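Participant: The structure under discussion is supplied below as C-alpha cells; questions concerning it will follow.
The values are calculated or read from the model by the stated rules, or taken from the named source; none is laboratory data. Computed from a prediction, not measured in an experiment: that's the story for all the values here. Cβ sites come from the backbone with ideal geometry, for glycine too, and all protein chains shown count toward neighbours. With ligands, DNA and RNA removed, areas are computed over all heavy atoms of the protein, side chains included. Shrake-Rupley method; radii C 1.70, N 1.55, O 1.52, S 1.80 Å.
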Amino acid sequence: MKYNVAQLLKEAIGSHRNFDIEEDICDAEHPMEHVRGAVDMVRTHQGIWVQARLVVRVPQYCSRCLDAFSRTIRIELDEEYFPEVDVKTGMSALPPDEWDALCIAADQNLDLAEATRQATLAAMPLKPLCKPECVGICDRCGCDRNQGPCDCYNREIDPRWAALRSLMDEQQL
Ligand SMILES: [Zn+2]
Ligand SMILES: [Zn+2]
C-alpha cells in the first residue's frame, strides 16, 4: 500500500490527488487479505494529509463454531503524514525519534498499510461470528450444530418425565 508522493510534496500547499485503490495484501503481519476504496491526498505545509474510505477484507475465525470465514470491514483514515526527508533539500526533515508509521519514508513512499491495519483492528468485533444465527459447536460432543442438531441435548429429559422414564427402564429389565 505504498504510494510515491515525491511529486505531490514538490507541489503547492492544497495540491491534491484522488485515486482508487484495490490491492491484495500478502503480509502475515497485517490481518487483512484485500483492501479497496478511495484515497484523497492533500499537500499541507508540513506533509500530506490522507483521507481514505476503505473496505478491508479480513480472515477470521468464528468464536462459536471456529470456522474460518472472511469479513469485510469499512474504515476511514484521516491522518497527516510527515516526510522523514525534505524532498527539495534531501536533508532530514524530522529528528529520527519522531519517525514512525505515519512518516513518509526517505524514498518518498507513503505507506498506508500501518494506518489501515490499526483502523481495521480497532473496528474488528471482539467475538466474530460467521453469521449472526450461528449456533456454534456442541459443548458436549464437539460437533458443528450448524450442520444439524446432535443428540446430546435431545436426550435430556424433563424432570417431570424422569419418574416415568425410570419406570419404563425397570419394565425393560
Ligand atoms: Zn460460526
Ligand atoms: Zn452434541
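Participant: Which of the residues that make up region 120-142 are away from ligand 1 (no atom under 15 Å from the Cβ) and either outside the structural domain of PRO31 (by TED's automatic domain parsing) or in contact with a Leu (Cβ under 6 Å, 6 or more places away or on another chain) (or both)?
Facilitator: ARG140, CYS141
Participant: If a residue has to be assigned to a loop (DSSP other than H, G, I, E, B), within 16 Å of ligand 2 (Cβ to nearest atom) and not small (Gly, Ala, Ser) to count, how many in region 109-143 make the cut?
Facilitator: Within region 109-143, residues that are assigned to a loop (DSSP other than H, G, I, E, B), within 16 Å of ligand 2 (Cβ to nearest atom) and not small (Gly, Ala, Ser) number 7.
Participant: Only one of these is within 21 Å of VAL87 (Cα to Cα) and open to solvent by 40 Å² or more (accessible area, probe 1.4 Å): ILE48, ILE13. Name it.
Facilitator: Criteria check complete, one pass: ILE13.
Participant: For a quick check of your reading of the model, give me the residue pairs whose first member lies in region 6-22 and is over 16 Å from ASN109 (Cα atoms), whose second is open to solvent by 40 Å² or more (accessible area, probe 1.4 Å) and at pLDDT below 95, with beta-carbon atoms closer than 6 Å and at least 6 apart or on different chains.
Facilitator: ILE13/HIS45
Participant: Can you give me the number of residues within region 92-143 that are within 22 Å of ARG43 (Cα to Cα), modelled with pLDDT of 85 or more and open to solvent by 40 Å² or more (accessible area, probe 1.4 Å)?
Facilitator: Residues flagged as within 22 Å of ARG43 (Cα to Cα), modelled with pLDDT of 85 or more and open to solvent by 40 Å² or more (accessible area, probe 1.4 Å) within region 92-143 amount to 4.
Participant: For region 30-52, enumerate the residues that are under 29 Å from ALA93 (Cβ atoms) and free of Cβ contacts under 8 Å to residues at least 24 places away in the same chain.
Facilitator: GLY37, ALA38
Participant: Is there a residue being modelled with pLDDT of 90 or more, open to solvent by 60 Å² or more (accessible area, probe 1.4 Å) and within 28 Å of ILE13 (Cα to Cα) anywhere in region 59-77?
Facilitator: Yes - at least one qualifying residue is present in region 59-77.
Participant: Return the residues of region 101-126 that are farther than 20 Å from LYS88 by Cα and of a type in the set (Val, Ile, Thr); say none if nothing qualifies.
Facilitator: Selection gives THR116, THR120.
Participant: Across region 128-142, what is the total count of residues that are closer than 16 Å to ALA68 by Cα and more than 24 Å from the chain's Cα centre (by Cα)?
Facilitator: Of the residues in region 128-142, 1 are closer than 16 Å to ALA68 by Cα and more than 24 Å from the chain's Cα centre (by Cα).
Participant: Restricting region 16-43 to residues that are part of a strand (DSSP E or B) and hydrophobic (A, V, I, L, M, F, W, C), which is surrounded by the most Cβ atoms within 10 Å (Cβ to Cβ)?
Facilitator: If we take residues in region 16-43 being part of a strand (DSSP E or B) and hydrophobic (A, V, I, L, M, F, W, C), then VAL35 is surrounded by the most Cβ atoms within 10 Å (Cβ to Cβ).
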